[in-house]
Each structure stands twice: as C-alpha cells, then as structure tokens.
Amino acid sequence: MKEIFEIRWHGRGGQGAKTAALLFGDACLSTGKYIQAFPEYGPERMGAPVTSFNRISPSPIRIHYGIENPDIVVVLDFSLIQQVNVCEGLDEKEGILLVNSPLSSEQIRKKINFKGKIYTVDASKIAIETIGRNIPNTPMIGALVKVTGILTLEELLHDTKKKLEVKFRNKPEIIEGNLKAIERAYNEVKGE
Amino acid sequence: MGIKVAKTANEAFAEGMRQINPDVVAAYPITPATEIVQIFSQFVADGLVKTEFIQVESEHSALSACIGASAAGARTMTGTSSQGLAYMWEMLYIASGLRLPIIMAVVNRTLSSPINIHCDHSDTFGARDSGWIQIYSENVQETYDNLIQGVRIAEHPEVRLPCMIMTDGFILSHCLETMEMLTDEEVRDFVDEPPERENLIKAAVENKPITIGALDLPDYYFEHKRQQAEGMKNALRVIPEISKEFGNRFGRYYGFVENYRIEDADIGIVVIGSTAGTGKEVVDNLRKKGIKAGLLKIRVLRPLPVEDIKNSLKNLKVVGIMERVEGMNAFCSPLYSEISSCLYDLEKRPILTNFVYGLGGRDVKIKDIEIVFNDLLKILERGKKEFTLKYIGVRE
C-alpha cells in the first residue's frame, strides 16, 4: 500500500456518494488512520453525476487538491459508466474499479475500455432487501473494505453500528439493516 | 488532552464557537460558510450554549448587531464569506474603529462577478486594511486552533481589535479531515472570562454614562486612529504570547509565519492557506533531488509580521510569491507588494517574482507548484527575472 490511498466515488445526486466518503473516512479514522473526505462541488441536482473523494494514510495528510489518480473508483450507479469516464486517471495495471451492478466483471469489461481489476456487487438489490430502500452507499462500503483490505469487516461493522446508534436510537431495524447490508456486500462482491 | 476526530473546517468553526460559548452570535448564512451558522444554531436550540443567537436579514445587519452587542460588553462572534463580507464593509471599519473585539469566522470565497462560490482570497484581502486582525489557516486543525487563539488576541487589553479567522472555501470548509479537538473545559479555561473593558452595560450598572461612536471631527479623529494603529502594533507582541501559551498548554505552536525548510534554501515560495500543505510536499520532492527549496507560509497577515518575513527570506536568492488574488493594478498581486516592501530595506535581498493561481477555486496541484519552482530555478541560473507576474493554471 502506498503512503496515501486515494478513492474516488461516482454517484448520482441523492444516492449518497458524499455520505459514503464521509462514513468511510470516519470509519478509517476510528482505526487510527489519517483521513480526508470531500465532495466535488458542482451542480448538485438530484440524479446528476456527482463525485466525492477519500484520502487514507497512516500519517498526517498535508496535500489539498482534487484526486487525479485514484487507487480505486467506486461506482454507486451502474448507468454512469455509459455517461462519465469513471476510469479516468485509474492505473491500467494497479487500478481497481468497483461497480454496483448485477453484472459480472467480464460483462462490465465488455462495456468499457479498462484493463485493470474490476469488481461488482449488486448493492442496490442488497440495500432493498436489507434496508428496504435503494441506498447503495452502505453496502458499497462493505464491498470496498473487502476489495481493499483497508479495514477489517469487524472494524467497519463496529464503527457503523456506533454511528447509527446515535442517529437512529429509536429505529433498531435501520441499524440492523445497514449492518446486514455491509456484511452481505462484503461476502457477495466478486471480480478479478 | 483532546481527542482525534474528523471534522470539516465549517464543523471545526462551529464546534470551536460552541466551546468558546460566546454571549452573542449574529450571522446570516452564505455558501460556503452556511454550515457554521446552521450547526451553531442547532447548538443554541439544543441548549448547549448560553449564546443569544440573533437572526438577521443581511450580513450588514449581522455585523451591526455584533457591534451593538460588543459595545454592550458581550463576547460576540459571527461568520461569513465573499459577498457577505463585502456587504459588511462599512461596518468592518466601525467595529475596528470602536475597538470592539468581535470574532469573525470567514470562509474564503471569491467575489462576483462572474458569480462563483469557490475559493480564492479576494474577499478578505480586500478587507486587509479595515483594522481587523487577519489569521489564515492551512488545514482544519489550524482553523480550529486559530479561532480559539483569536478570542484571546482580540480581547487583549492592549489590542482590543476585531479579528477574522480564515479558512479556504470548500477546500477546507467542506473537507472532512483528521484533527485534534480540545475538551470543552480546556477551551473554556483558555479563553476564560474576557478582560474587563468599558461597555454600555457596565456604564449603566455603575451609573457612569459613556458614549460610543460619537462624532469625531478633525480635533480628535486623528488621535483615535493613532491609538487604533497602536493596538494593531501591540498585536505584534501579543499574538506570539498567546500562541506560546496555547502551545504550552496543548502542544501545537504557531508563529506569525511558518518556515518550512527555508533556513538554508536558495529558492522559495510564499503562500497563504491550504496550498501551503501541497507546497511542502513539492519542497520535500525537490530536496530529495538536491535542490535547496523552501516555503514560507503567512499565517498572520494583519498585523503584518515584517521582521519575521525579513528574517525568513533575507538569505534566499529567488522568491516566488504565490497568491490566490488578482490585484487588478496592472502590476502585481497585493501580497507581492507587501512582501517586497518588507524586504526593501535589506541591503541584500532576493529576486522576487509573483504567481497568481487558483482564482475562483481553480485547483492547484503538485504539478502547478512544480511549474513555479522551475521558473524560480531558471531565474536562479540566469541571475535575473524576465517577468514580475505570471498566471498559473489559466487558459490564455
């Protein structure tokens, strides 16, 4: 792992790309890592393509600018790969593309010109079945953790539980659903 | 001691304000500073602070309300950005002229037109001669630490001037970042009760009426301005005292400026704000190649730390002054003027050149700063400069 690990999130306004970066950053912080999480601010209409970013490092992070060469790109909405160049700046050898899609990585590869590693997980289906709504960001964090190994599943579940307990004190089913979503995505993500 | 948390600069401002627990906050929301007021008003609603939160219809009214409250003796804070700061303009001078230690959290954003919500330093650079102390921050940690120190600096009996604390719009205001937050008790102990000063409530209680803001014609205006200038001069002595006390208590020391590998440098850049961190990375890369590069970060712009700037730059051969402001004077940016006047009296001084970058939030990356250092190296080789001002990262 290089000194600073960089992540770019692609989603559509309203899907929680910003929240995903914040949650993941926070979860990494709780294991003693230094983090940055920031969105790219543009026209933030519902449904418009949006991006957000993470930097994760074992030591303090000094740099402040947009991420150009991420180590991994996480795509929350499959339809974006036809619309935005999600692989921009991604290394053809070391780079990882993680897509929320029922398709396999071979099927995704046929649609885009990317030679690096591709992983997929049907996060939308998992979210609907566990949380009851198509909010793919929490399960995608589970898949991200599996693919990168930045955190252990236990660390992620522990931190997410702690956070959700503050916010959803009176709705234990939401906490339960989100934790299950993370765990399922962690186990179901596939790729090469 | 404090704990490591992840906060954006806006959150750090709001949390700092909660811990400072001011008597009065009057503010009007504006992108990208909105969250400061939003989060703080929630603290007020939740009863976490004793603050009287005054909702106003504009920034002009926000600062007017702060001026009234501060004149009455209240510890007073506000927050704004860009057009909001511009709309406060005439009140800025009234706050400083009345010697009211108001604290303002400013999120740097460019000025319209063209309309743009992103970072540059044109808003607060325009206010640099308004009699406010100005402290700029490189990251979220500094934003928080500067705010807490700002209270003590502004209220110091020999300073008694309002103080703005700056952070970079979006780059920091919306960047969640690791920082160490002090405990409520630590902040409370550090800011303590404000030192006593003449105020309207005290005057009423003691039945010794005073007038604040009276007409001050040629017979006395000059003397009052002279006293105000003395307050700013005293800040040169007070700021290091407060910074030292802060460092001794909490382990983070701050100077007027930060010298980064500049002591033995041949070439160096001068920067303000979040670009400093990226610049340090470039300096380290150049040092690995054996190039003697350095960086000077200006933390305090008002008062202008002339001696520190002189000491930092006097032995360099070439200095590039990087600034997120266009001076619109067909010559150079404002910081270039200030730095060059600081150095003018030196017998031996570096060749200075000016780089304007990042206007309206244009991103500045490692490679942009490398372009600057490459130019400085060329000037070093040739022993003279071929331009005074260059734009970095613009299409033309």
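The values are calculated or read from the model by the stated rules, or taken from the named source; none is laboratory data. Here the structure is a predicted model, which is why all the values come from computation and not from measurement. Reconstructed Cβ throughout: ideal geometry from the backbone, glycine too, with neighbour counts over all protein chains shown.
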Determine the pairs where a residue that is in the same structural domain as residue B:337 (by TED's automatic domain parsing) and on the phi > 0 side of the Ramachandran plot, located within the stretch B:370-390, has a partner that is among the β-branched types (Val, Ile, Thr) and at pLDDT 95 or above with Cβ atoms under 9 Å apart, the partner being 6 or more residues away or on another chain. B:383/B:351
Keeping to the stretch A:85-130, report how many residues are closer than 16 Å to residue A:7 by Cβ and part of a loop (DSSP other than H, G, I, E, B). 9
Would you kindly identify the helices (runs of 4 or more DSSP H) lying entirely within the stretch B:251-354 that contain at least 3 residues that are within 14 Å of another protein chain (Cβ to nearest Cβ)? B:275-288
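Does residue B:56 qualify as being aliphatic (A, V, I, L, M) and in contact (Cβ under 8 Å) with a residue 40 or more places away in the chain? I'd like the intermediate steps shown before the answer.
Values: aliphatic (A, V, I, L, M): yes; in contact (Cβ under 8 Å) with a residue 40 or more places away in the chain: no.
So residue B:56 fails the test.
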Out of the residues in the stretch A:91-106 meeting the condition of being closer than 20 Å to residue A:20 by Cα and polar (S, T, N, Q), tell me which one is surrounded by the most Cβ atoms within 10 Å (Cβ to Cβ). A:100
Can you tell which of B:140, B:159 is within 14 Å of chain A (Cβ to nearest Cβ), out of contact with any Ser or Thr (no Cβ under 6 Å at 6 or more places or on another chain), within 28 Å of residue B:183 (Cβ to Cβ) and among the aliphatic types (A, V, I, L, M)? B:140
Give the stretch A:8-55 a look and list any residue that's of a type in the set (S, T, N, Q), within 11 Å of chain B (Cβ to nearest Cβ) and crowded, with 24+ Cβ neighbours inside 10 Å, or say none. A:36, A:52, A:54
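Out of all the residues in the stretch A:139-154, which are under 18 Å from residue A:55 (Cα atoms) and touching a residue at least 40 places away in the same chain (Cβ under 8 Å)? Let's see the steps before the verdict.
First, the residues of the stretch A:139-154 that are under 18 Å from residue A:55 (Cα atoms): A:140-152.
Of everything in the stretch A:139-154, those that are under 18 Å from residue A:55 (Cα atoms) and touching a residue at least 40 places away in the same chain (Cβ under 8 Å) turn out to be A:140, A:141, A:142, A:143, A:144, A:145, A:146, A:147, A:148, A:150, A:151.
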Odd one out for residue B:183, checked against (1) among the polar types (S, T, N, Q); (2) buried (at least 17 other Cβ atoms within 10 Å of the Cβ); (3) closer than 23 Å to residue B:49 by Cα: (2)
May I ask you to list pairs of residues, at least six apart or on different chains, whose Cβ atoms are under 7 Å apart, with the first in the stretch A:56-81 being more than 14 Å from every other protein chain (Cβ to nearest Cβ) and the second being polar (S, T, N, Q) and not in a helix (DSSP H, G or I)? A:75/A:100; A:76/A:15; A:76/A:100; A:77/A:15; A:77/A:100; A:78/A:100; A:78/A:101
If a residue must be touching a residue at least 60 places away in the same chain (Cβ under 8 Å) and touching a Leu at 6+ places or on another chain (Cβ under 8 Å), how many such residues does the stretch B:191-217 contain? 2
